[in-house]
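The values are calculated or read from the model by the stated rules, or taken from the named source; none is laboratory data. As the structure is a prediction and not an experimental result, all values here were calculated from the model. Virtual Cβ from ideal backbone geometry, glycine too; neighbours counted across all protein chains shown. Accessible surface is based on the protein model in full, side chains and every heavy atom, while ligands, DNA and RNA are left aside. Shrake-Rupley method; radii C 1.70, N 1.55, O 1.52, S 1.80 Å.
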Amino acid sequence: MPRLNPPPDLSIRFRCNGQTFLTIIGCLLTLVATAQRYPSAVRHRTVFWSEINAVYKLPGKWSLQIDHQYRRQADDNNGRDLNAFRHPLLQVFRPWVSYQLSKPVRLSLSPIGLWWNWGRTNEYQPITFTQEVRIIPQLQITKPAGDGELIQRFRTEFRWPSLTDTLANAYIFLADGESQRVLADRFNLRLRAMLRWINPIFKRNTDDKRWYSHLSVEPMLVVADAGAFFDQNRTYLALGRQLAPNLRLELGYLNQFTIQMSESEALRLHRFNHALHVFVYFENRRRSQAGSDSGPEED
């Protein structure tokens, strides 16, 4: 009888550190498309962001998750209005399925997420309303960093936004309410890379991790018909509290920097959104090989 060789080892080992993360970011930031030459302007706005994240761990390495995000915004008058709760801004419902490939590595997929967006408002512009559908695969790698954790998260977003104000026109996923438009006309791709550091603070002993600090930075790259270009970065700093083994709360500040082209104003806008951010996370108490989520998913 012929001798059979053992099957090849198909295990995957991820060796990714901070240097790898910075190398990837450097590559992303070099892919900047040549935009139309508009004069630049800086705009500031006060906003409020909230997120509730619920995780249900299954036996073994699988987990189910859903996040709900709700945001509000002040008047778009370059930061003069400080009431971040004045107008609606965004609402998201997004499910996830995750698999813990190894202790540090988790793969996730959001098969479909639903976005509702309210347009920027000022005294000359009424509220507009658009919708969006996204499909998102994600890779997360968690490594020890002193008493805390260093998390690297890589995400690809397939986005289908509506191009019309859906208060006035029905949002049809494949046609957007206009027969001459097809799905490919509205599709764009966003690449995101986050570096997140979570570290215990106010420790009474070596095992005390009830209070923690949370710092993250996340640059983003858009790939569309016009080319590939960097258009956004988010920096987040928060104070967190472990209220129970399966429940935690964070309160923080998020700075969202975006680069936008305003055709109506013929301006290249450098926009800074200053957000008060509230995050609530809870999971079931099941013993499982599936890991806990590290922080806000964000949109």
Pseudo-spin-label distance L64 to L101, built 7 Å along Cα→Cβ, given in nm, is 2.4 nm
Tell me, what HN-Hα J-couplings in whole Hz come from the Karplus equation 6.51 cos²θ - 1.76 cosθ + 1.60 at θ = phi - 60° for each residue of region 212-223, using x for Gly and Pro? 8, 9, 9, 10, 8, 9, 9, x, 9, 10, 9, 10
If you average the sequence gap of Cα pairs under 8 Å that are 6 or more apart and divide by the length of region 190-260, what percent do you get for the contact order? 26 percent
Rounded to the nearest 10 Å², what accessible area does Y253 have for a 1.4 Å probe in the complete protein model? 100 Å²
Taking the Cα of H44, stepping 7 Å toward and past its beta carbon, and measuring to each backbone N in region 75-109: which are under 16 Å? 75-84
So which GluC sites (Glu not before Pro) in region 80-159 are both in a DSSP loop and have at most 14 other Cβ atoms within 10 Å of their Cβ? E123
Loop only by DSSP, 12 or fewer other Cβ within 10 Å of the Cβ. Give me the GluC sites (Glu not before Pro) in region 247-299 that pass, ordered by residue number. E263, E265
According to the Kirkwood expression over distinct Cα-Cα pairs, how big is the hydrodynamic radius of region 193-299, in Å? 16.3 Å
Share of region 46-137's accessible area from carbon and sulfur, percent, 1.4 Å? 65 percent
Compute the accessible area per residue over region 208-257, keeping the other protein chains in place, probe 1.4 Å, unit Å². 43 Å²
Can you give the extra length, in nm with one decimal, that the chain gains between N83 and T258 once fully stretched, where that is 0.36 nm per residue apart less the Cα-Cα distance? 60.9 nm
For F158 and Q242 in one chain, what is 0.36 nm times their gap in residues minus the Cα-Cα distance, to one decimal in nm? 26.9 nm
Once the other residues with Cβ under 14 Å from the Cβ of Y56 are scored (Lys, Arg +1; Asp, Glu -1), what is the net sum? +2
Can you spot the lysines whose alpha carbon is less than 20 Å from K57's alpha carbon? Ignore those fewer than 8 places along the same chain. K103
Quick check: pseudo-label points 7 Å beyond the Cα along Cα→Cβ at F93 and Q131, how many nm apart are they? 1.1 nm
How much accessible area does F93 have with a 1.4 Å probe, in Å² rounded to the nearest 10? 90 Å²
How many nm separate the modelled label positions at D208 and N233, each set 7 Å beyond the Cα in the direction of the Cβ? 3.6 nm
